[in-house]
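K.L.:
Right, I'll just put the structure down here and ask away after.
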Amino acid sequence: MQQGGSERELAARWEAEAVAAAEAQAAMKEARVGVEAGAAGEPEPAAGEEQPKAPERPHAAEEGDARTGPPALPLSKPKPAPARGLGPHGKPRGKGREPRPVTVDSSKARTSLEALKISIRQLKWKEFPFGRRLPCDIYWHGVSFHDNDIFCGQVNKFPGMTEMVRKITLSRAVRIMQNLFPEEYNFYPRSWILPDEFQLFVAQVQMVKNGDPSWKPTFIVKPDGGCQGDGIYLIKDPSDIRLAGTLRSRPAVVQEYICKPLLIDKLKFDIRLYVLLKSLEPLEIYIAKDGLSRFCTEPYQEPNSQNLHRVFMHLTNYSLNVHSSNFVHSDNTSTGSKRTFSSILCRLSSKGVDIKKVWSDIISLVIKTVIALTPELKVFYQSDIPTGRPGPTCFQILGFDILLMKNLKPMLLEVNANPSMRIEHEHELSPGVFENVPSLVDEEVKVAVIRDTLRLMDPLKKKRENQSQQLEKSPAEKENPLDHELAGAPDTNPEAHLPSICLKQVFPKYAKQFNYLRLVDRMANLFIRFLGIKGTMKLGPTGFRTFIRNCKLSSSNLSMAAVDILYIDITRRWNSMTLDQRDSGMCLQAFVEAFFFLAQRKFKMLPLHEQVASLIDLCEYHLSLLDEKRLVCRQSGIVGGRSLHSIPHQDACSPSQANGAEKFSHPRPTLS
């Protein structure tokens, strides 16, 4: 009892001393003229005016001293209590720290660096122009996926994209789709691959001429590895001497030349549209709402033997026409030799053109082209980033070059894996002396594309949204929203100062209209399943035999010996056409050819696309049965050391299913 009484007496003495100290502080506050130096709106004490002296602070007790009294109270002016919703330093209270900025490694950005820097500043992110030892959230590469060795984060290149959009590979990919859906893929000019198809080119041209003597075609020759108009020329006949030189020097693609383009101001032009491939699986495609229109610098005339060599008339490449004396640099988006695509649409709209129809056709062209490219991209992707191994996620901005014909039908010229993102052009001050001058037209379009691509790929966006939701549901705000507003609550939308996103999603938004085209994509999934070794891109003979056996494709009409011969013949021919001889085996395009052969044998009375669709359905059906049996065996524990491939399973497929009972049908795609 004595101890408890002494504690109460001690507490009472502390309270009395605290009250006395508070009264002394109040007296000091009244006597003081100014409060603190720098206090907003209050004058400082006049010079020479006597300041009240603060009482001496008692010495702190040394370590080990017995504590016999209350702790020393601060005698300076007490700080006001923080407003509701704010922390002790006036910062908003929240659950956890504010999210860090997104980090971007721009050390390999190359020509897109200036536009990227502007985009990062607008987003208030953090740039590392010389790289970083710690991982970054996003890596921006200027050329290819392999510019840096990275194992996490996001990178703006897909492995294999540079190879896929080369002129020969693109032509082969589109040709496969033209064989399946000729009407849907008539936006790409008829093409022949040189030197492999030179004799076919000569024979087909001669056949058409014999049937129509009035046909006088023009052809354009494009070297496979060329860019910026390098090595491109026009011919009227396969016997042109320049073509013989091309056959000896490097592979190329020869295409029918589009002789009746849409003209503006009597000039031929093309459209550079920027397309974001955000994801392969699931497939996500975005198209920029604006692009660039690049004009020729000489009035257009239909090609003849006298003007075939006039590149400034026939070729729209900026890198060529910029050297013409007629090239006009303009800061106006609707004039000059480079304009915004939106200015062209406005001009066409003023003449009564249905702009929605033009956009719908362009969107359809882009989606169909990406669908043609994605199967082999998946093979490249699993080779560089096999399932189950660490690696970055990928996205990529592609440059689609499109030509509008006189009847406003869009035609695909080519796809660029590394479209130029420069926002300046060279101005010649004197012969041989150049300076970089900002291009407002380029900056308006390209900065928006890069900035909004980063916004869509923002890896911390969900985290910020979750924190914003937590702030909105905080008890302090529910009790008194006015206090929360007066406390200076942080802006929960860090993108409020930015314009609306310029990229429009077109897939999966329009997936229902285009999913029926993804047959080769499904074939690629079968191909990847039987590759066996992770990281390889070619199917060996054992993998092909396993595919035939597991999908039950062998029969009395197709023995396994015939399967081996089919594999050898197709693989040998395709390997002789490809430059990459590092791996032996069957590439995806050879597998597709073999698949077409098997489909035509099994479903003889159907069109090709229905034959292929029926065979894919059959393969997927048998493989799903096999997967179910494997799952049951694993769960029941009866597999033991037996090979899963040796487990027999019944063919539950009915005769009607085995013969493709349900025909493949699809609606005509329309975009609303």
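The values are calculated or read from the model by the stated rules, or taken from the named source; none is laboratory data. None of these values were measured; they are calculated from a predicted model. Ideal geometry is used to build each Cβ from the backbone, glycine not excepted, and the neighbour counts take in all protein chains shown. Surface accessibility is based on the protein's heavy atoms, side chains included, excluding ligands, DNA and RNA. Shrake-Rupley method; radii C 1.70, N 1.55, O 1.52, S 1.80 Å.
K.L.:
Just to compare against my own numbers: the Cα pair-distance distribution for region 336-389, 5 Å bins, whole % per bin, please.
P.N.:
Bin by bin from 0 Å, the calculated values are 4, 15, 14, 13, 12, 10, 9, 8, 7, 5, 2, 0.
K.L.:
Can you pull out the trypsin sites (Lys or Arg not before Pro) in region 237-340 that DSSP calls coil and that have at most 14 other Cβ atoms within 10 Å?
P.N.:
266
K.L.:
Give a residue-ordered list of calculated ³J(HN,Hα) values for region 293-303 (Karplus: 6.51 cos²θ - 1.76 cosθ + 1.60, θ = phi - 60°; whole Hz; x for Gly, Pro).
P.N.:
Whole-Hz 3J(HN,Hα) from phi for region 293-303: 10, 9, 9, 5, 10, 10, x, 7, 9, 4, x.
K.L.:
Moving on. Accessible area of region 348-449 with a 1.4 Å probe: how many percent of it is carbon plus sulfur?
P.N.:
Accessible surface attributable to carbon and sulfur in region 348-449 totals 53 percent.
K.L.:
Follow-up. Within the accessible area of region 515-590, what % is carbon and sulfur when the probe is 1.4 Å and the other protein chains stay in place?
P.N.:
Here it works out to 54 percent.
K.L.:
From the phi angles alone, apply the Karplus equation (6.51, -1.76, 1.60; θ = phi - 60°) to region 261-272 and give each ³J(HN,Hα) in whole Hz, x where the residue is Gly or Pro.
P.N.:
My calculation for region 261-272 gives x, 5, 10, 10, 6, 6, 10, 7, 8, 10, 10, 9 Hz in order.
K.L.:
On alpha carbon coordinates alone, what is the Rg over Rh value for region 131-202, Rh being the Kirkwood radius?
P.N.:
Radius of gyration relative to Kirkwood radius: 1.20.
K.L.:
Output wanted: per-residue J couplings in Hz (rounded whole) for region 319-336, from phi through Karplus 6.51 cos²θ - 1.76 cosθ + 1.60, θ = phi - 60°, x for Gly and Pro.
P.N.:
Using θ = phi - 60°, the values come out as 5, 8, 5, 5, 8, 7, 5, 8, 5, 10, 7, 9, 8, 8, 5, 10, 9, x Hz.
K.L.:
Next question, about the same structure. Once R0 is set to 41 Å, what does the formula 1/(1 + (r/R0)^6) return for the Cβ-Cβ distance between residue 214 and residue 433, expressed as a FRET efficiency to the nearest 0.05?
P.N.:
Using R0 = 41 Å, I get an efficiency of 0.20.
K.L.:
Suppose the Debye formula is applied to equal point scatterers at every Cα of region 342-424; what is log10 I(q)/I(0) at q = 0.24 Å⁻¹?
P.N.:
Rounded to two decimals, the profile gives -1.23.
K.L.:
When Lys and Arg each count +1 and Asp and Glu each count -1, what net charge do the other residues less than 12 Å away from residue 242, Cβ to Cβ, add up to?
P.N.:
In short, 0.
K.L.:
Here's another thing I want to ask about it. Taking a threshold of 31 Å on the Cα-Cα distance, which of the pairs 157/604; 108/222; 378/463 fall above it?
P.N.:
Where the Cα-Cα span goes over 31 Å, the pairs concerned are 157/604.
K.L.:
Could you list which residues have their amide H under 5 Å from that of residue 586, counting only those 5 or more apart in sequence or on another chain, with H placed in the peptide plane?
P.N.:
Under 5 Å from the amide H of residue 586: 539, 540.
K.L.:
Further question: Hey, rough spin-label estimate for residue 346 and residue 545, points 7 angstrom out along Cα→Cβ, what's it come to in nanometres?
P.N.:
Simple spin-label model gives 6.8 nm for this pair.
K.L.:
Give the peptides 498-510, 394-406 in descending order of average Cβ contacts within 10 Å, highest first.
P.N.:
Packing order, densest peptide first, comes out as 394-406, 498-510.
K.L.:
Please compare each pair in 278/356; 289/356; 289/409; 117/368; 126/509; 236/368 to a cut-off of 22 Å on the Cα-Cα distance and tell me which ones are over it.
P.N.:
Correct reply: 278/356; 117/368; 126/509; 236/368.
K.L.:
Accessible area per residue of region 335-403 at 1.4 Å probe, in Å²?
P.N.:
33
K.L.:
Also, I was wondering about something else. Quick check for you: with a 1.4 Å probe and neighbouring chains kept, what is the accessible area per residue of region 512-596, in Å²?
P.N.:
Accessible surface, normalised per residue, equals 47 Å².
K.L.:
Within the accessible area of region 184-243, what % is carbon and sulfur when the probe is 1.4 Å and the other protein chains stay in place?
P.N.:
Whole-percent figure for carbon plus sulfur exposure: 55.
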